[in-house]
Amino acid sequence: MDKFTGTMDAARFRGQSEHAITSTDCDTTEGTQMAAGLEDLFGQERPGEPDEAEGELKRALVVAAHPDDADFGAAGTACLLARAGWEVRYIVATDGSKGSDDPSLTPAQLVELRAQEQRDAAELLGVASVGFLGFTDGELTASRELLEAIVREIRTFQPFAVYTHDPEPVIIRDSFVNHSDHRATGLATVDAVYPAARDRLNFPEHIAEGLPAHKVRELCLWGANEPNLQIDITEVVETKIAALVAHTTQFDSDDAFLEQMRTFWRDDEGRYREAFRRIVLFR
Ligand SMILES: [Zn+2]
């Protein structure tokens with residue numbers, strides 16, 4: 001069960017022709033689904049749940065390097081969490097300004113188009129909001145500035161769980177180079193979760209502004225060489241694929257592409273899974 005873990009870059013999948021794709025929304029307004037616990041939607045392998053009596057919130061923050069990375073890595077899981085009544089927020093570290101070979105597009109046009117594509121994908125999934133940190137595509141480092149921006153997001157949103165790129169592999173499963181922006185985003189996000197967002201003396205200006213220090217309880221990393229959590233996304237795999245296809249500057253939606261996508265996430269039993277390296281942090 002060692003399927004694709006969501007780390008390829010878009011250019012690999014650009015196809016030839018286009019036609020519309022339809023999908024079933026992850027509609028979070030359906031009353032029967034709003035109250036569902038994770039065991040009903042996720043089955044045996046599932047992420048942890050907040051202790052609401054302890055003030056923990058059903059919130060997940062997904063931190064991605066580029067528009068579309070969150071959808072590769074965690075769209076199915078995000079969609080299932082939204083169905084379970086969680087608030088899911090995406091943030092995208094870079095502006096995506098280098099992600100096109102089309103000479104008719106300026107970088108500024110591309111930034112605008114890709115931001116809208118990410119919003120469209122998020123809407124399909126039931127992701128509540130999308131934020132853009134605006135760092136330059138292809139030039140990201142795990143800088144103090146990036147760390148501060150992610151810590152601010154964590155302290156503002158107060159997520160129970162944070163999902164991001166695994167920063168450790170340079171080469172993933174002897175198959176893919178882990179883009180430098182992915183590694184920088186993953187590393188800064190891990191550092192933001194622990195210890196920076198947790199300790200009030202890190203970025204004390206946030207505390208002075210009224211943002212509380214925040215303890216994230218769970219960290220889930222996609223693109224891991226040794227995942228320890230396989231989320232069954234079979235129920236929502238078509239919505240995940242629709243979210244990817246929403247990135248129209250990156251992907252076409254011909255049948256070959258759609259089948260290629262399904263194959264990436266399908267296991268030997270015909271189930272579709274997103275794989276994560278899950279770390280539970282101390283209270
Ligand atoms: Zn990427």
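Exactly one residue out of L140, L81, L124, L147 is within 16 Å of the ligand (Cβ to nearest atom), at pLDDT 95 or above and either more than 18 Å from the chain's Cα centre (by Cα) or among the aliphatic types (A, V, I, L, M) (or both), and it is L140. A count restricted to region 238-276 and to residues that are of a type in the set (V, I, T), buried (at least 16 other Cβ atoms within 10 Å of the Cβ) and farther than 20 Å from L61 by Cα stands at 3. Screening region 260-279 for residues that are over 23 Å from H66 (Cα atoms) and charged (D, E, K, R) and picking the one that is nearest to the chain's Cα centre (by Cα) gives R266.
Considering only residues in region 63-76 that are within 16 Å of the ligand (Cβ to nearest atom) and more than 16 Å from G99 (Cα to Cα), the one that is surrounded by the fewest Cβ atoms within 10 Å (Cβ to Cβ) turns out to be G73. Do you know which residues across region 92-130 are surrounded by fewer than 24 Cβ atoms within 10 Å (Cβ to Cβ) and β-branched (V, I, T)? Result: T106, V111, V130.
Within region 172-192, if we keep just the residues that are in contact with a helix residue (DSSP H, G or I) (Cβ under 7 Å, 6 or more places away or on another chain) and more than 15 Å from the ligand (Cβ to nearest atom), the residue that is nearest to P50 (Cα to Cα) turns out to be A192.
When region 126-157 is filtered for residues that are assigned to a helix (DSSP H, G or I), under 27 Å from A84 (Cα atoms) and in contact with a Phe, Trp or Tyr (Cβ under 9 Å, 6 or more places away or on another chain), the ones remaining, listed by number, are V151, R152, R155.
In region 50-62, which residues are crowded, with 24+ Cβ neighbours inside 10 Å and either within 12 Å of the ligand (Cβ to nearest atom) or farther than 14 Å from H165 by Cα (or both)?
Within region 50-62, just A60 meets the criteria.
Consider region 158-185 and keep the residues that are of a type in the set (D, E, K, R) and assigned to a loop (DSSP other than H, G, I, E, B). The one that is nearest to the chain's Cα centre (by Cα) is D166.
How many residues, within region 154-182, are at negative phi, among the charged types (D, E, K, R) and surrounded by fewer than 22 Cβ atoms within 10 Å (Cβ to Cβ)?
Qualifying residue count for the region: 1.
Per this entry, E117 is counted among residues that are within 16 Å of the ligand (Cβ to nearest atom), at negative phi and among the acidic types (D, E). All of R262, R283 fail the test of being in contact (Cβ under 8 Å) with a residue 40 or more places away in the chain, more than 22 Å from H182 (Cβ to Cβ) and of a type in the set (D, E, K, R), apart from R283.
Residues that are closer than 30 Å to E209 by Cβ and either within 16 Å of the ligand (Cβ to nearest atom) or not β-branched (V, I, T) (or both) occur in region 102-112; there is at least one.
The values are calculated or read from the model by the stated rules, or taken from the named source; none is laboratory data. Note that the structure is a prediction, hence the values are computed from the model and not measured. Methodologically, a virtual Cβ is constructed for each residue, glycine included, from the backbone with ideal geometry; neighbour enumeration extends over all protein chains shown.
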